[in-house]
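Below is one structure; the comments refer to it alone.
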Amino acid sequence: MQTQSQLANFIDGKWTNATAHGFQDVKNPATAQVMTQVPLSPAQEVDVAAQAAARAFKDWRRTPVGERIQYLYRLKSLLEANKDELAAIITNEAGKTFVESVAEIARAVENIEVACGAPVMMQGINNEDIARGIDEHMIRQPLGVVAAITPFNFPGMVPMWFLPYAVATGNCFILKPSERVPMTVSRIFQLVEQAGFPAGVLQIVHGGKEVVDAILDHPLIRAVSFVGSTPVARYIYQRGAAAGKRVQAQGGAKNPVVIMPDADMDTTTRIVADSAFGCAGQRCLAASVGITVGSARNVFLEQLADAAASRKVGYGLDKATEMGPVITQESKARIEKLIALGESEGAKVVLDGRNRKVSGYEDGNFVYPTLLDGVPAQSEIARTEIFGPVFSLMHAETVEEAIAMVNDRSYGNAASIFTTSGATARQFRYEVMSGNVGVNIGVPAPMAYFPFSGWRDSFFGDLHAQGFHGVEFYTETKVVIERWPREWSRKF
Ligand code: NAD
């Protein structure tokens, strides 16, 4: 996987040193230690991988689906057998706690399990006698060569939203992981190698924008899956679609949580604090805006401030740590600037996570839990994705007002409500313009057998990641209408 502490691409079944223009340091966000370097591959590496994938596709699509999933079963077992090592790599490159990293691997495995249902999930549909003696069938065929471009915050899980479904349905798959967290995937691909996938079926090309653009423009690549920030998602969708590709592009988020006065306040506070500050707020389903309704305001604010202040911040491999660093120094600076922006726009900084150091990890990118109260609904801070451990509080008098505030934003990844009223919960579920909805749930993450349903600026495309949507995305439907009159066969 590595030569002279530099990562290699995995192309055509071999680890190959990229003919890179340059290399980028991969740093541990808690210690600032340089762990390895990632190649910034040139476009030409994408072409080599795409050609290898196209060659491999000829046989892979003919490999029976029941046989294709045997490779995935082996990969699942290998991921499970190596989960602690993989979790430690995730913690070291992405910063989250070891417990969070283990949970991430479990989510990755869950997607492999669901994709192993491909023999059933990719079945077609048939009707006999659509006219007398004429039958009609719809079958699903793989697209060919497909690719995914993934973000930094779930280096082990997000690639598995795509990879297992793509190969189970008979495609050959190229992954461009985030250049900020390339190590987890590099280790996973050693396990891919061990699982025995034929050369060219699964490949990695490391790099940045040049690799992305080469994927988007390459004539052999039929479909592109993306997860990352909204501006890049929009760009991927437009450029990929202009090149005639199928594209699913998941974007950023700003997820609101409504807290009703009838909610069970102890449970609500615990769950919302976990959602807002888990993974240092770097989850696309993290609660980032709280809207308290009526008398919920004071008690929720008080309890949440306590829960946030007591969170133990540190290096994710230290057992006591409950929240790790953010990904880079630039990210920390951006988050601290946004806190200042919120303050200048009239929010009260109830808990300030800026300018804090963790003893022993003074060079780490730590931002402590931060709480902004009285955030004006029209302010920039109420609408901008912060992607850090910052929770903004707003207030409404009624549930109708709260729902209007939820819907008055461009993102639509997730929205949650905390209440003990079924009628209020139903109204919320029915009216919010968000694709993943939680009722007394802080992180409404769909299981692998449900689509990951971002809406509005959180998603560009129509078929989402995971489950049946994944199978549909990676297959083309073919309709066959046939007539076999008995009298014709009698002629021969
Ligand atoms: P990002 O958009 O910066 O990067 C994502 C990928 O795009 C990386 O592989 C990167 O190399 C590439 N990229 C970055 N800039 C590019 C450019 N100008 N042109 C072409 N390619 C480019 O995202 P990130 O910082 O790695 O991840 C965090 C973001 O991802 C947040 O906005 C978060 O909400 C979002 N996210 C969304 C979901 C979801 O399901 N909707 C899940 C996880 C993360």
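The values are calculated or read from the model by the stated rules, or taken from the named source; none is laboratory data. Everything quoted here is computed from the prediction, not taken from an experiment. Virtual Cβ from ideal backbone geometry, glycine too; neighbours counted across all protein chains shown. All accessible areas refer to the heavy atoms of the entire protein, side chains included, with ligands and DNA or RNA removed. Shrake-Rupley method; radii C 1.70, N 1.55, O 1.52, S 1.80 Å.
Considering helices alone, the calculated mean residue ellipticity of the chain at 222 nm is -11500 deg cm²/dmol, with DSSP H runs of length four and up weighted by -39500 (n - 2.57) and normalised per residue. The distance linking segment 51-84 with segment 98-125 is 13 Å (Cα centroid to Cα centroid, whole angstrom). For SER416, the residues whose amide H sits under 5 Å from its own are VAL257, VAL258, GLY438, ignoring neighbours fewer than 5 places away on the same chain, with H placed 1.01 Å from N. Comparing Cα centroids, segment 318-336 and segment 443-458 end up 25 angstrom apart. For segment 255-439, calculate the relative contact order in percent as a whole number, restricting contacts to Cα pairs under 8 Å that are 6 or more residues apart. Computed over segment 255-439, the figure is 28 percent. A straight Cα-to-Cα reach below 16 Å connects LYS337 with the lysines LYS348, residues fewer than 8 places away in its own chain not being considered.
Amide H contacts for ALA465 (H built 1.01 Å from N in the peptide plane; partners 5 or more residues away or on another chain; cut-off under 5 Å): PHE452. Bridgeable lysines around LYS478 (alpha carbons under 26 Å apart, same-chain partners fewer than 8 residues away excluded): LYS58, LYS245. When each of the peptides 272-284, 128-140, 36-48 is scored by how many other beta carbons lie within 10 Å of its residues on average, the order from highest to lowest is 272-284, 36-48, 128-140. Counting only Cα atoms, the chain measures 87, 61, 40 Å along its principal axes, largest extent leading. DSSP beta bridges confined to the chain are antiparallel in about 45 percent of cases.
Applying 1/(1 + (r/R0)^6) with R0 = 60 Å to the Cβ-Cβ distance of ASP408 and THR63 gives a FRET efficiency near 0.75.
TYR449's amide H: which non-local residues (gap 5+, or another chain) put their own amide H closer than 5 Å, with H modeled 1.01 Å from N in plane and none for Pro or chain starts? Those lying under 5 Å, H to H, from TYR449: there are none. Just the protein heavy atoms count here, and of the accessible area of segment 78-176 at 1.4 Å, carbon and sulfur take up 54 percent.
Given a 1.4 Å probe, how much area per residue of the chain is accessible, in Å²? The answer is 40 Å² per residue. The listed residues VAL145, VAL480, once ranked by accessible area (1.4 Å probe) with the largest placed first, stand as VAL480, VAL145.
At the residue level, LYS83 shows approximately 80 square angstrom of accessible surface with a 1.4 angstrom probe and all protein chains present.
Taking the empirical scaling 2.2 N^0.38 Å for compact globular proteins as reference, segment 386-490 has a Cα radius of gyration ratio of 1.67. The modelled label-to-label distance for the pair GLU380/ALA241, using points 7 Å beyond Cα in the direction of Cβ, is 2.9 nm.
The C-alpha atoms of the chain define a longest principal axis, and helix 43-60 lies at about 50 degrees to it.
Look at the dipole of the chain built from charges on Cβ: of GLN378, ALA18, SER288, the Cα furthest out on the positive end belongs to ALA18.
Restricting attention to segment 255-439, close to 10% of DSSP beta bridges with both partner residues there are antiparallel.
Only beta bridges with both residues in segment 49-204 are counted; by DSSP, about 35 percent of them are antiparallel. Once the Cα atoms are used to define both axes, helix 329-344 deviates from the longest principal axis of the chain by about 50 degrees. Computed from Cα atoms, the angle from the helix 422-431 axis to the main principal axis of the chain rounds to 60 degrees. Relative to the current alpha-carbon distance between ASN17 and GLN194, full extension at 0.36 nm per residue lengthens the span by 61.8 nm. Taking each residue as 0.36 nm, the span from GLU343 to GLU431 lengthens on full extension beyond its C-alpha to C-alpha distance by 28.6 nm.
Shown in residue order for segment 449-461 are the 3J(HN,Hα) couplings computed by the Karplus curve 6.51 cos²θ - 1.76 cosθ + 1.60 at θ = phi - 60°: 8, 10, x, 7, 9, x, 10, 6, 6, 8, 7, 10, x Hz (x for Gly and Pro). Remark: relative contact order (the chain) = 18 percent; criterion is Cα-Cα distance under 8 angstrom and separation of 6 or more residues. Kirkwood hydrodynamic radius computed over segment 219-364 comes to 17.9 Å, based on all pairs of distinct alpha carbons.
Over every Cα atom in segment 255-439, the radius of gyration and the widest Cα-Cα span, Dmax, amount to 15.8, 51 Å.
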